[in-house]
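Have a look at the structure below before the remarks.
The values are calculated or read from the model by the stated rules, or taken from the named source; none is laboratory data. Please read these numbers as outputs of a predicted model, since none were measured by experiment. Only protein heavy atoms, including side chains, enter the accessible area calculation; ligands, DNA and RNA are left aside. Shrake-Rupley method; radii C 1.70, N 1.55, O 1.52, S 1.80 Å.
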Amino acid sequence: MKNARRIIVTVVACAAFPALALAAGPGGVSPGLAGQWLGPYAGAQFGFNNSSASGLDSEVGIGGGVLLGYNTFAPLSGLAQPVVLGGDFFGEFNGQEIHRAGITYGSNVFGVDLLVGYPTGLRGRILPFLKFGFGLLSATGGRGGSEVSARIGLGAEFRMNPQLGLVAQWMHQDADHITNDNFTLGINYHFRVY
């Protein structure tokens, strides 16, 4: 019951940011190069997961995921362009691999990430970003248990055209019983609402 309450509080708190950003819209300040990153988006990713568990070795397996998010912006004094602020709900699915002692396990992770990025490159088409969030990591296969824990990561998105972006990212999560490092490439589709 304690874990369920913690999960609900975490999801509600993290969901408040994208919901408030959507309600606020772009406001009266010019978004500059950040403008092309504003609004809702959906994405899919595929890559590799390096996973280890207490008392077991680290193994690399296949992983992937989906996400649904929203970006807004904030002008900061001293910066030429506004900073992109966003949030997304995600699901990650990491394949089961055989670890030491013949134990086979993988993991599924569901949660919320917050994003801070700064548009750069030609016409702001590159968005390097940092992410921080929380996820419910659940082991699959021969390793049981689930735990809500913090995640951190970084990456960049290249805007190929007004709707499509190519994303490369690394995300790290260290739960009580499993540590995951995901290295993925993906595609984001940006819905035009402004």
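Can you pull the accessible area of Ser138 for me, 1.4 Å probe, Å² to the nearest 10?
Near enough 30 Å² of accessible area.
Probe 1.4 Å, all protein chains in place: accessible area of Leu79 in Å², nearest 10?
Taking all protein chains as shown, Leu79 has close to 80 Å².
Which value, in Å² and to the nearest 10, is the accessible area of Ile62 when all protein chains are kept and the probe is 1.4 Å?
100 Å²
Could you tell me what percent of the accessible area of the stretch 71-124 is made up of carbon and sulfur, with a 1.4 Å probe and every protein chain present?
64 percent
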